[in-house]
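Just so it is clear, none of the values below were taken in a lab; they were calculated from the coordinates. Bear in mind the structure is a predicted one, so any value in this text is a computation, not a measurement. When we count neighbours, we look across all protein chains shown, and the Cβ atoms used for this are built from the backbone with ideal geometry, even at glycine.
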Amino acid sequence: MSRTTHPKVPAIVAWGTGQNVNLFYLVELSCTYIALLILIHQPSFRFGIFILVLFFVFYSPNPAPSRPAVREVLTEGLVVLPNTQQTYRFLVNGLADRQTECGLFQHGEVHIQGENLTSLKLQADRGWISQQEVKRFYRESRLKARLEFPGQFPPKELRLVLLNSQQDQAIVRRGAEISGSTIYPDAVYLVFVTDRCVLVFHGRNEITADAGS
Amino acid sequence: MAGTKLQQMLEAEIKSLIGTSMGKLWQVASTSGIVPFVTVPSRDLPLSASSPRIMQGTVFALIILLAAWNIVSYLGTDWELLFSKHYFYLPYKQYAGNYYVGYAQTVFSDGDRIFAIHKEAFPSLNQVHSFLDTNDPVYDQNAQSVDRIYTSGFLPSLIARLGGGHVGLQTSIEVINILLWLASILLTYLVIRAWSFDQLTALAGAAIATGFPVYSLMFTSLKTQYAGATLFLGWLYIDRAIWPRLTAPERIVLLLVTFTVSMVTAGAAYFILAYITIRCLFMAAVTRSIRADQFFDLFAAIAAFVIGKLVNDMLVAHYHLQSTLTQYRLDKTVNETVDFILAALSGQDTAGMKLLNFPGYSFFTTMMTFVGNFVSANPVIVVVPLLGIWLLRQQPLLLILVPIMFLLGQAISVLYGWDWYYAYASAPATHILIVLTAMAASLVFGWWRPVGSVLAAIIIFGAVYFFNADPPSNFKNYYGNLSIYTVDRHLYVYHDYDMTKYW
């Protein structure tokens, strides 16, 4: 250590000249540098580290790499007002495509997360909804219902209607479920389970999807 | 030839047991300045005697293959975001209101791309950005990110500088993840070499470490929680290989700077202090001649830890930051625990009381569950050192460290009162077990040839197999090992015409 510049010198010079006054950064860098000087004795390595530290002390990219921009904050839920409905469209062709590999998908489950979901009544255009139940989870509730298909083969497309037939508003939780350039914000999805596979389908609210397109 | 070798080895073992004093025996394992690492003779095992270059080359090729396998298997999926996804219905209160889409409720954009980031991970991007500021910046006050700011903020800022502004914040953290993974492989090699085992044994240990999923599952994470274990592993090497040759002032300075940075590296300072304490007490207990040295080391370590913490506390206060640790009342936990023990000893009812922040006796049942998760991650690296404890008797320090580091790693659960198992909390203990497994395999090879050579190969490949065979099972095991993670069947997730197969 004695034959090289004092390890704190680069940081002190940077601080003194105002080139870098980020104290936290300089302390972490100096500590790392001192540790490396104690651990590494080869002069060539020490010189290389010294040059690197000089670079790290005095250089910072300008402009600095940017933080990702916030495109959408989805903390508020989707409100389903009394006597209104929301329709979700699911493309479920995967059920037929995966039948050989996974087995027959005779039934699945509809899942909805949100608040006050007991006021919702579900309807499917190409399936039967039954065993609708709501479980509370802190201030949240989770709605689960059984979905069966009338025919031998599952449909390729399904529309699910959430009808609020009561006087209280229901809220469907929203979040940043993303695929490619599309957001699937509403916590409304289908799950199909066999002995070999789990298939999850995300649907899109028809109004939101239309507005988006 | 082989018989003569074995006979020589047996004689050496008998001599070491009978003909030498206990002090001499332990001196071989000494980490003090009296027996420098370089003078400890390497074990001349038959493993390294038979076609060493071919065998070393084979194991090195295995490491390359395993590294490639891990990159292919894990890179590209944000496992941390995935584990909290709604497909798994996480039954934890922390996820209330956030569990749809995996603990993220903001859509970010980066040019044309849109994406989500785990809520706890985003502050790391702010920290890297602040470290790049040459003025006095504002750091993100997210408490959890402060406790690991060195590896998820400071080090990535160096990568971003080297990239000249062309490397994004997220990418710079991912580069650090990869570098820390490679460092853990190299350090495993160096630790085994520093403990006087041959190159092949060290390579075998490195091969096991390559697949340690706590690193591969975190390739795309922004939180670097495992980094505390990596620094601890680094200290194991430093303590054995470099510490003996350092002067007293160098030791003190090294301790000071190490504790200052490791105080904000996911608990590394606590792991390192625990190691130094155990090492000093153990060596002082078994070797009278180096007792003064050991107490000096221990005193210096404790003093450096306190000063490092003060320096760090001042820095944190200067930037109006808060550590997670300040949010939890350790004194309250201690008082409650003492009350619990006193009540239990005097035969009183302990209902409604807490032992180590867990209600009733649930601390023990929770820890048993954690041990189960720990063992099931890789039974080979647990069972082999346990069965080979006689072979490994010259490594008592490492053997003692395993349970201590395991429990210390779980201390975060005690502080929080969580019954949630995170594998990275067990990572320091796992690192030691990897080292011990490679050592045990090497010793088995030397003791019972030719059966030993087959057994050693089975041990190494068994340990490698459990880490690498089934990435989805690792995913399940490393995030709580809960039945909600249905990794026993394929998972397909559909978004209209787009489909993602996770496993």
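Just to check I understand the Karplus step: with θ = phi - 60° and J = 6.51 cos²θ - 1.76 cosθ + 1.60, what whole-Hz values come out for region A:171-182, glycine and proline as x?
Each residue of region A:171-182 in turn: 10, 9, 5, 10, x, 8, 6, 10, 9, x, 9, 10 Hz.
Please list the radius of gyration and Dmax for region A:78-212, considering alpha-carbon atoms only, with Å as the unit.
Cα only, region A:78-212: 14.7, 46 Å (Rg, Dmax).
Calculate the dipole size of chain B relative to its Cα centre from +1 charges on Lys and Arg beta carbons and -1 charges on Asp and Glu beta carbons; express the result in debye to the nearest 20.
Computed charge dipole of chain B: roughly 1240 debye.
If amide hydrogens are placed 1.01 Å from N in the peptide plane, which non-local residues have theirs closer than 5 Å to the one on A:I178?
Here the answer is A:Y184, since their amide H atoms fall under 5 Å of that of A:I178.
With a cut-off of 8 Å between alpha carbons and a minimum separation of six or more residues, what is the relative contact order of chain B in percent?
After rounding, I find 18 percent.
Using mean Cβ contacts within 10 Å as the protection proxy, how do A:103-112, B:154-163 order, highest first?
For the peptides A:103-112, B:154-163, the packing ranking is B:154-163, A:103-112.
Based on the Kirkwood radius over alpha-carbon pairs, what value in µm²/s does the Stokes-Einstein equation return for the translational diffusion coefficient of region A:9-58 at 10 °C and 1.306 mPa s?
Rounded to a whole number, D works out at 144 µm²/s.
How crowded by other chains is B:109-115, given as the mean number of beta carbons from other chains within 10 Å of each beta carbon?
Whole-number average of other-chain Cβ neighbours for B:109-115 is 5.
Only counting other Cβ atoms within 10 Å, I'd like B:K119, B:K476, B:K354 sorted with the fewest neighbours first.
In order of increasing Cβ crowding within 10 Å: B:K119, B:K354, B:K476.
Of the options B:V311, B:L321, B:T287, report the single residue whose Cα projects farthest towards the positive end of the charge dipole of region B:220-321 (beta-carbon charges: Lys, Arg +1; Asp, Glu -1).
Of the options given, the answer is B:T287.
Name the long-range amide H neighbours of A:Q19: under 5 Å, sequence gap of 5 or more, or other chain; modelled H, no Pro or chain starts.
The list, which skips near neighbours in sequence, is empty: none.
If you plug each phi of region B:142-155 into the Karplus form 6.51 cos²θ - 1.76 cosθ + 1.60 with θ = phi - 60°, what whole-Hz ³J(HN,Hα) values come out, in order, with x for Gly and Pro?
4, 4, 5, 6, 5, 6, 9, 5, 5, 8, 9, x, 5, 4
Skipping prolines and chain starts, which residues have an amide H placed within reach, meaning under 5 Å, of the one on B:H490, given they are 5 or more residues away or on another chain?
Amide H neighbours of B:H490, under 5 Å, 5+ apart: A:C197, A:V198.
Which of the chymotrypsin sites (Phe, Trp or Tyr not before Pro) across region B:370-448 are loop residues per DSSP, with 12 or fewer other Cβ within 10 Å?
Answer in residue order: B:W390.
Return the whole-Å distance between the Cα centroid of region B:317-337 and the Cα centroid of region B:148-191.
29
Show me the ranking of peptides A:73-83, B:256-266, B:375-385 by mean Cβ neighbours inside 10 Å, starting with the highest.
B:256-266, B:375-385, A:73-83
Which whole-number percent gives the relative contact order of region B:368-472, counting Cα pairs below 8 Å spaced six or more residues apart?
Normalised by residue count, the contact order of region B:368-472 is 35 percent.
Can you tell me the order of A:89-97, A:9-17, B:141-149 when each peptide is scored by its average per-residue count of other Cβ atoms within 10 angstrom, highest first?
B:141-149, A:89-97, A:9-17
List the pairs from B:K223/B:K309; B:K85/B:K223; B:K309/B:K332; A:K135/A:K156; B:K85/B:K332; A:K121/B:K501 whose alpha-carbon separation is above 24 Å, in the order I gave them.
Going by Cα-Cα distance, A:K135/A:K156; B:K85/B:K332; A:K121/B:K501 fall outside the 24 Å limit.
Quick one: Karplus J couplings for region B:300-305, per residue in order, coefficients 6.51, -1.76, 1.60, θ = phi - 60°, nearest Hz, x for Gly and Pro?
My calculation for region B:300-305 gives 4, 5, 5, 4, 5, 4 Hz in order.
Tell me, for the protein assembly as shown, which Cys residues have no other cysteine's C-beta sitting closer than 4.7 Å.
Taking the Cβ cut-off of 4.7 Å, the unpaired cysteines of the protein assembly as shown are A:C31, B:C280.
For peptide A:178-189, what's the mean number of Cβ atoms from other chains within 10 Å of each residue's Cβ?
5
With the contact rule set at Cα under 8 Å and sequence spacing of 6 or more, what percent relative contact order holds for chain A?
24
Return the FRET efficiency for the residue pair A:S66, B:R288: r is the Cβ-Cβ distance, R0 is 60 Å, and the value is rounded to the nearest 0.05.
Efficiency computed from Cβ-Cβ geometry: 0.45.
Once you order the gyration tensor axes a ≥ b ≥ c over the Cα atoms, which shape class does region B:190-297 get: rounded for a/c under 1.5, otherwise prolate or oblate by comparing a/b with b/c?
Oblate.
Can you tell me the mean projection area, over all orientations, of the convex hull of the protein assembly as shown's alpha carbons? Units nm², please.
If I average the Cα hull's projected area over directions, I get 36.7 nm².
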